[in-house]
Structures are given as C-alpha cells and as structure tokens.
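To start, the structure itself, in structure tokens.
Throughout, read-outs are computed from the coordinates displayed, never taken from laboratory work. Being a predicted model, the structure only gives us computed values, none of them experimental. Positions of Cβ are backbone-derived with ideal geometry, glycine not excepted, and every protein chain shown enters the neighbour counts.
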Amino acid sequence: MSDCIFCKIIDGNIPSEKVYEDEKIYVFKDIAPKAPVHLLMIPKLHIASLAEVEDQHQDLLGYMMRKVPQIAHETGCEKGFRTIINTGDEGGQEVYHIHIHILGGGGRLPFA
Ligand code: AMP
Ligand code: ZN
C-alpha cells in the first residue's frame, strides 16, 4: 500500500520513534500522545482495519495481543494500560492500517 502512512513508517520512509520491532510487528510512539505512554502497534502486513480481518490473519492478531502486555510492561505500564482499536469512520479510525493503541503510564485513565 504505497499511500499508507503506516506502511511508510515500517519502511522507514516516514520517521517514527520506534519502541519495538520484529518480523511481524512494529511498535512506535503516537505523534499526538493522549497519555504519558501512548504507543501504536501495527502489523507489517497491511490490513486496513479490524473490519477487514480475514481467517488467515488470526494467528497474526493473536501474536499481537500476546505482545501487547509484554511491551506495555517494558515501557512503563506495569500497573495497567488501555488498548484501543478504532474501526471505520464511525469508530473514529483515521489511519487505515490496523493498529492497537496502548495507553498508560500516568495514573488511572478516565473512563472511555
Ligand atoms: P486512529 O484514529 O485510531 O486511526 O489513530 C491514528 C493515530 O495515529 C492517531 O492517534 C495519530 O496521532 C497517530 N499518527 C498519525 N500519524 C502519525 C505519525 N506519523 N507518527 C505517529 N503517530 C501518528
Ligand atoms: Zn499500511
């Protein structure tokens, strides 16, 4: 997806503050943080949104969910964190490359 900003971040064509990377996923700091820790976890495979997920993506999504608490723990969210996946226009999605927001590190978050 040549016009996808998150694919460009993975490829290094748009700068980002990388927190973690492996063969399947890339994690970086949100450019407009809503909490002291605000990370975005994305798969290297371009999937537009949670609404576009197919059976073949189940292992990848499971892998991401397994990595979330590990990365949260390593980045200052030992006492808890919030995960958000915005999906579609009415879900508030702005970037159409599936991503998990990881928020925390600054006391109890307000009810969402
Ligand atoms: P969403 O509304 O769930 O699609 O969230 C998109 C998120 O991407 C927002 O929180 C933005 O602040 C963030 N974002 C957009 N562009 C960048 C960028 N170049 N680097 C880091 N975060 C970004
Ligand atoms: Zn993409």
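Give segment 89-102 a look and list any residue that's within 10 Å of ligand 1 (Cβ to nearest atom), surrounded by 14 or more Cβ atoms within 10 Å (Cβ to Cβ) and not in a loop (DSSP other than H, G, I, E, B), or say none. Of everything in segment 89-102, those that are within 10 Å of ligand 1 (Cβ to nearest atom), surrounded by 14 or more Cβ atoms within 10 Å (Cβ to Cβ) and not in a loop (DSSP other than H, G, I, E, B) turn out to be 100, 101. Could you say whether any residue in segment 59-68 is surrounded by fewer than 17 Cβ atoms within 10 Å (Cβ to Cβ) and either basic (Lys, Arg) or at positive phi (or both)? Within segment 59-68, one or more residues are surrounded by fewer than 17 Cβ atoms within 10 Å (Cβ to Cβ) and either basic (Lys, Arg) or at positive phi (or both). Exactly one residue out of 2, 16 is of a type in the set (Gly, Ala, Ser), over 18 Å from residue 86 (Cβ atoms) and within 12 Å of ligand 2 (Cβ to nearest atom): that is 2. Listed by first and then second residue, the pairs linking a residue in segment 73-86 that is basic (Lys, Arg) to a residue that is surrounded by fewer than 16 Cβ atoms within 10 Å (Cβ to Cβ), with Cβ atoms under 6 Å apart and 6 or more places separating them unless they lie on different chains, are 82/109. Remark: pairs (first residue in segment 46-65, closer than 19 Å to residue 20 by Cα; second residue of a type in the set (S, T, N, Q); Cβ separation under 9 Å; 6+ apart in sequence or on different chains) = 65/83.
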